[in-house]
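The values are calculated or read from the model by the stated rules, or taken from the named source; none is laboratory data. If you're wondering where the values come from, they're calculated on a predicted model, not measured in any experiment. With ideal geometry, Cβ positions are generated from the backbone for all residues, glycine too; neighbour counts draw on all protein chains shown.
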Amino acid sequence: MRLFIAVPFSNPVRNALGGVVDRLRKEALEGRFTRPENLHLTLAFLGETEDTPALRELIGRIAPPAFSLEIGGLGRFGDLYWAGVRESPALRALASSLRRALKEAGYPVDDKPFRPHITLARQARFASPPRIEPPALSMTADQIILMESKRIDGRLVYVPRFRKTLLGA
């Protein structure tokens, strides 16, 4: 199964980002746009691996405190458009400790540098640069989730496999 570990969003943040996706869709010539229920912040991408008790135990041992997450701005990597996530020591520490623990346990962790962002659209093309600025959003990141990515009836669906509540949440 295709797995990743992510921070889920509160309903207000998810809804606001869903509105940004809708505006991007209206301006685009073409693209694949993230459905609101699929919006998340990836901490570690594992790829094809099994959801095992050992993996759940490893995630369960991670014990960072809940932290503030700030979102804003629009950017792109080629034809992938994203909302920005402000760097924070707590977010960086969580991603680093999680990735390190996964690697030490032998899990196939993506080696790309951690660049916190929220994917809004893939393979998006515009006649002119989008004139959209996501609103400044903030929330308390109080969970991490082991997610499975799969296709159901041709649609990309993220299925939660394990939830870890962060300290103080």
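Numbers below:
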{"quantity": "Strands (runs of 3 or more DSSP E) (entirely within segment 40-88) containing at least 3 residues that are modelled with pLDDT of 90 or more and within 27 Å of M1 (Cβ to Cβ)", "calculated": "41-48, 80-85"}
{"quantity": "Pairs, first closer than 18 Å to E30 by Cβ in segment 70-86, second of a type in the set (D, E, K, R) and surrounded by 14 or more Cβ atoms within 10 Å (Cβ to Cβ), C-beta under 9 Å, six or more apart", "calculated": "D79/R122; L80/R122; Y81/R122; W82/R76"}
{"quantity": "Only listed residue being closer than 13 Å to L102 by Cβ and either crowded, with 19+ Cβ neighbours inside 10 Å or in contact (Cβ under 8 Å) with a residue 12 or more places away in the chain (or both), chosen from A28, A44", "calculated": "A44"}
{"quantity": "All positions within segment 115-130 that are hydrophobic (A, V, I, L, M, F, W, C) and either modelled with pLDDT under 90 or part of a strand (DSSP E or B) (or both)", "calculated": "I118, L120, A121, A124, F126"}
{"quantity": "Selected residue (criterion: surrounded by the fewest Cβ atoms within 10 Å (Cβ to Cβ)) from residues of segment 75-102 that are among the charged types (D, E, K, R) and touching an Asp or Glu at 6+ places or on another chain (Cβ under 9 Å)", "calculated": "R86"}
